[in-house]
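Peer 1: Quick one: this structure, given as structure tokens, is what I'll be asking you about.
The values are calculated or read from the model by the stated rules, or taken from the named source; none is laboratory data. These numbers were taken from a predicted model, which means no experiment stands behind them. When we count neighbours, we look across all protein chains shown, and the Cβ atoms used for this are built from the backbone with ideal geometry, even at glycine. Side chains are part of the model used for accessible areas, which takes the heavy atoms of the whole protein and leaves out ligands, DNA and RNA. Shrake-Rupley method; radii C 1.70, N 1.55, O 1.52, S 1.80 Å.
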Amino acid sequence: CNLTGLWKNDLGSKMRVLKVSNDGTFSGEYHTAVSNAKNPIQPSPLIGSQHLDEDGQCTFGFTVNWKKFSDSTAVFVGQCFNGDDGKEVLHTSWLLREKVDSERDDWKATR
């Protein structure tokens, strides 16, 4: 699986991976289509790592810092699959950490 390029999810969010290095590290930009932030959505930097496998169905993870419009950070983990139609498809899970005002509110900070 080659993560380099533009990826789009079912909700319309877009991820652009600039280049995957020989050791599997990569960077790029994520433009979410959904947000609870009060500020307008803006593309945000991402940095990640890909486990390079010979079978091409690699695992990967990346962090997105929404610093341009929100006080939150998200982490994504996933795997690339060769779909039935021959196209590469990514399946991911994510956690979003929002800033809270106190340790007492920590319970509601992660989605």
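Peer 1: Show the residue pairs that are 6+ apart or on different chains and have beta-carbon atoms under 6 Å apart, the first residue being within segment 33-51 and within 17 Å of Leu11 (Cβ to Cβ) and free of Cβ contacts under 8 Å to residues at least 60 places away in the same chain, the second being open to solvent by 50 Å² or more (accessible area, probe 1.4 Å) and of a type in the set (Asp, Glu).
Peer 2: Matching pairs, first to second residue: Pro43/Glu29.
Peer 1: Kindly state which strands (runs of 3 or more DSSP E) lie completely within segment 3-111 and contain at least 3 residues that are open to solvent by 80 Å² or more (accessible area, probe 1.4 Å).
Peer 2: Details: elements: 5-8, 14-20, 25-31, 44-50, 59-65, 73-82, 88-97.
Output list reads 14-20, 88-97.
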